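Asker: First the structure, then my questions, so here it is.
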Amino acid sequence: YGDQCLRMLKIQYRMHEEISDWSSEAMYDGKLESGESVRYRRLCDLEHVEENDDTESPMIIIDTAGCDMGEEKDEVGSTRNEGEALVVKEHLERLIQAGLRAEEI
């Protein structure tokens, strides 16, 4: 169909609007909106998840600059960062301790 069959996504139903706002600005010229059912949803809104700093915020950004977590490249050019992976693992463990189920991640 080529250029004759195009339709832009207008409403997303997967994530809190604080998260989707980034992709809306970056890829949809600010036109992507969040559906009502997910617009303000947080992890702590799940009845089996406790409310704490890790589950209240819909998005966190962890600045690892200056933390001596250098990236490594393998022989085929893939990049990895074990220090950053450990930070993610520790955060996920806190979410699971708060009641989030592994299959919900």
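The values are calculated or read from the model by the stated rules, or taken from the named source; none is laboratory data. All figures in this text were calculated on a predicted structure; none of them were measured in a lab. So basically every Cβ, Gly included, is an ideal-geometry build from the backbone, and we count neighbours across all protein chains shown. Only protein heavy atoms, including side chains, enter the accessible area calculation; ligands, DNA and RNA are left aside. Shrake-Rupley method; radii C 1.70, N 1.55, O 1.52, S 1.80 Å.
Asker: Taking amide H positions as placed 1.01 Å from N in the peptide plane, with prolines and chain starts having none, which residues 5 or more places from Glu33, or on another chain, fall under 5 Å of its amide H?
Answerer: Ile11, Gln12
Asker: Still on this structure, please answer the following. Ignoring solvent entirely, what values of log10 I(q)/I(0) come out of the Debye formula for the stretch 1-65 at 0.19, 0.22, 0.23 Å⁻¹ when each Cα is a single scatterer?
Answerer: Ignoring solvent entirely, the Cα scatterers give -0.81, -0.94, -0.98.
Asker: As an exercise, use a Förster radius of 30 Å and the Cβ-Cβ distance of Thr64 and Asp29 to find the FRET efficiency, rounded to the nearest 0.05.
Answerer: E(calc), rounded to 0.05, equals 0.45.
Asker: Within the stretch 80-103, name every residue whose backbone N is under 18 Å away from a label modeled 7 Å from Cα of Leu46 along the Cβ vector.
Answerer: What the label zone holds, given the 18 Å backbone N cut-off, is 88-103.
Asker: With an 8 Å Cα cut-off and a minimum separation of 6 or more residues, compute the relative contact order for the chain in percent.
Answerer: 20 percent
Asker: So what does Lys31 come to for accessible area, using a 1.4 Å probe and Å² rounded to 10?
Answerer: 110 Å²
Asker: Can you give me the distance in nm between label points at Glu56 and Leu9, each placed 7 Å from the Cα along the Cα-to-Cβ direction?
Answerer: Using points 7 Å along Cα→Cβ, the separation is 3.0 nm.
Asker: Here's another thing I want to ask about it. If you rank Cys67, Cys44 by how much accessible surface each has, with a 1.4 Å probe, what is the order from largest down? Show your work: numbers first, answer last.
Answerer: On the way: Cys67 65, Cys44 15 Å².
Greatest to least solvent exposure: Cys67, Cys44.
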